[in-house]
Structure formats: C-alpha cells, structure tokens
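> Before I ask anything, let me first share the structure, which is written out below as structure tokens.
The values are calculated or read from the model by the stated rules, or taken from the named source; none is laboratory data. All values derive from a computational prediction rather than experimental measurement. As a convention, Cβ positions derive from the backbone with ideal geometry for all residues, glycine included, and neighbour counts pool all protein chains shown. Just so you know, the surface numbers come from the protein's heavy atoms only, side chains and all, with ligands and any DNA or RNA stripped out. Shrake-Rupley method; radii C 1.70, N 1.55, O 1.52, S 1.80 Å.
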Amino acid sequence: HPIPLGGPTKRTYADGPLIVGDAASQVKPTTGGGIVTGAFCSRVAGQTAIEAWKQKDYSGRFLSRYESRWRRALGKDFLLMTKVREYLNRLTDEKLDRLFVLAMKMGIMDDLSSLDDIDFQESNLLNMAKSPKAIANLVRFVLQAFNL
C-alpha cells in the first residue's frame, strides 16, 4: 500500500489500541522512511501498554500519554518535514530537478552529507545552523529556490 507522506495521523490512540508506524503515518514526510521513527514510537507504545496493564486502565484517556510522549520527541520534526513535503509537492518535476542541481552547486548536499544522523531532520537543520558556512549556503539556496 502507499506510504503516507502527509504527516502523522491526528490521533494514535483510542480505548484499547495504540496505533504505530505506517498505520499512524509515523514516517518521514520528506523521504517516506519510517524504520527509526516507527521503532521509536513502538518502544513508547510498548512502555505505555505496560503501564496500562499494570494500572488495568486501557481507556483512551490513559493511553493518550503514548501520543503525548512521541509527539514531544518527534512532533517538531514531523511538522517541519510536512511543510517541506507540501512545498516539494507543489513543484513540477523540472523545478524539482533544478532544485537538486542548485543544492549540489551551492554545497547544500555536502553540508547534509556531513551530518551524523539522517533520521531526525529537524535536529539536523538546527545542527547545520551552528555552521556559518552552512547557514550562508542555506540562505542563498532558499532565496534562489523560491525564484525557480
């Protein structure tokens, strides 16, 4: 089935079940990758399920802590990457190709390849912001990209 790229579902719990991974659209909206995010959310779901079992409380009210926890950890990342995906979806194939060529010419791809972690993109952008060269490249890139 298709991988959902529009960001996580609005609610990932109910009375009884917890929804995790692709079923909860917990995949990176930019790439469709979801192994790391799904594994993280699965661990949070498991911890929450153990707590529910110990308390004998499987209500949505109790299980909502699962969603609060994973959103606190990944919510900003999903939000930012959903906005990037929405922008990319509006581009024609030709403009998308030009965007990648521009990114390569301006060194953005080199900046991205130097990052240690490709799974949490929001934190990567924050880490890139610590480098004056990367900031300059990114600003020039964004300004030129909006003119495509």
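> Let me confirm something: among SER114, SER131, SER123, SER68, which residue is small (Gly, Ala, Ser), open to solvent by 60 Å² or more (accessible area, probe 1.4 Å) and modelled with pLDDT under 75? Don't jump to the end; show me each part of the working.
Details: SER131 fails: open to solvent by 60 Å² or more (accessible area, probe 1.4 Å); SER123 fails: open to solvent by 60 Å² or more (accessible area, probe 1.4 Å); SER68 fails: modelled with pLDDT under 75.
Only one candidate passes the filter, namely SER114.
Conditions (1) of a type outside the set (Val, Ile, Thr); (2) surrounded by 14 or more Cβ atoms within 10 Å (Cβ to Cβ), marked per residue:
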| position | (1), (2) |
| --- | --- |
| PRO29 | yes, yes |
| ILE35 | no, no |
| GLY38 | yes, yes |
| SER42 | yes, yes |
| GLY46 | yes, no |
| LYS54 | yes, no |
| PHE62 | yes, yes |
| LEU74 | yes, yes |
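> Ok, one more. Filter region 78-99 down to the residues that are at pLDDT 90 or above and closer than 17 Å to GLY21 by Cα, then identify the one that is most open to solvent (accessible area, probe 1.4 Å).
By that ranking, first place goes to LEU79.
> Any residue in region 34-52 that is free of Cβ contacts under 8 Å to residues at least 40 places away in the same chain and closer than 15 Å to ARG85 by Cβ? Can you show your working first?
Of region 34-52, the ones free of Cβ contacts under 8 Å to residues at least 40 places away in the same chain are 34-35, 38-52.
Next, only the ones that are closer than 15 Å to ARG85 by Cβ stay: 34.
Yes: region 34-52 contains one or more residues that are free of Cβ contacts under 8 Å to residues at least 40 places away in the same chain and closer than 15 Å to ARG85 by Cβ.
> OK, next. Would you be able to tell me the number of residues in region 2-27 that are of a type in the set (Ser, Thr, Tyr), open to solvent by less than 40 Å² (accessible area, probe 1.4 Å) and more than 14 Å from ARG69 (Cβ to Cβ)?
We begin by selecting, within region 2-27, every residue of a type in the set (Ser, Thr, Tyr); these are 9, 12-13, 25.
Narrowing further to those that are open to solvent by less than 40 Å² (accessible area, probe 1.4 Å): 12, 25.
This time we only want the ones that are more than 14 Å from ARG69 (Cβ to Cβ), so: 25.
The qualifying residues number 1.
> Looking at region 20-52 only, could you name the residues that are touching a Lys or Arg at 6+ places or on another chain (Cβ under 8 Å) and in a loop (DSSP other than H, G, I, E, B)?
Of everything in region 20-52, those that are touching a Lys or Arg at 6+ places or on another chain (Cβ under 8 Å) and in a loop (DSSP other than H, G, I, E, B) turn out to be PRO29, THR30, GLY34.
> Let me ask you something else. Do you know which residues across region 44-66 are in contact with a helix residue (DSSP H, G or I) (Cβ under 9 Å, 6 or more places away or on another chain) and either among the charged types (D, E, K, R) or at positive phi (or both)?
GLU51, ASP57, ARG65
> Tell me which residues, restricted to region 80-101, are free of Cβ contacts under 8 Å to residues at least 40 places away in the same chain and outside any helix (DSSP H, G or I).
Initial filter on region 80-101 (free of Cβ contacts under 8 Å to residues at least 40 places away in the same chain): 83, 86-87, 89-90, 92-94, 96-97, 100-101.
Result: ARG90, THR92.
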